[in-house]
Amino acid sequence: GDVIPVHEEMKRLAKGQNIWIMGGGVLAAQFYDQNLIDEMIVHLAAVTLSGGAPLFPRTMSKPMKLMSMKKMQEGLIELRYEITK
C-alpha cells in the first residue's frame, strides 16, 4: 500500500528521533520512491552464494554518496550512504 500515511504515523511516534526502515529492499524502495529516505545503511557479509535475490528490486536512480565504511566484526562491514535529493 501507500507508505506516505505509514511514514506520517512513524514520524509522529518517533517525536523527532531517527526512523529506521527495516525489512528488505522492496520495502526500502517504496520509501525511497517517495523521497522519504535521506540515508541508507547497508551491512554486507562476506559469504559466497550460488544465487539469491538482489538487495533492491531494481536500479535506484537517485545518486548516493558513500559517507563511511566500517568493519563491524569478522566478515561484516557497514556502508553508510547519503541519498541526494
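The values are calculated or read from the model by the stated rules, or taken from the named source; none is laboratory data. Being a predicted model, the structure only gives us computed values, none of them experimental.
Working only within the range 43-85, note down all residues that are at pLDDT 85 or above and of a type in the set (S, T, N, Q). Selection gives SER68, GLN73.
Just to check your reading of the model, which residue among LEU27, LEU55 is under 12 Å from the mean Cα position of the chain (by Cα) and more than 19 Å from ASP2 (Cα to Cα)?
Details: LEU27 fails: more than 19 Å from ASP2 (Cα to Cα).
After ruling out the rest, the residue left standing is LEU55.
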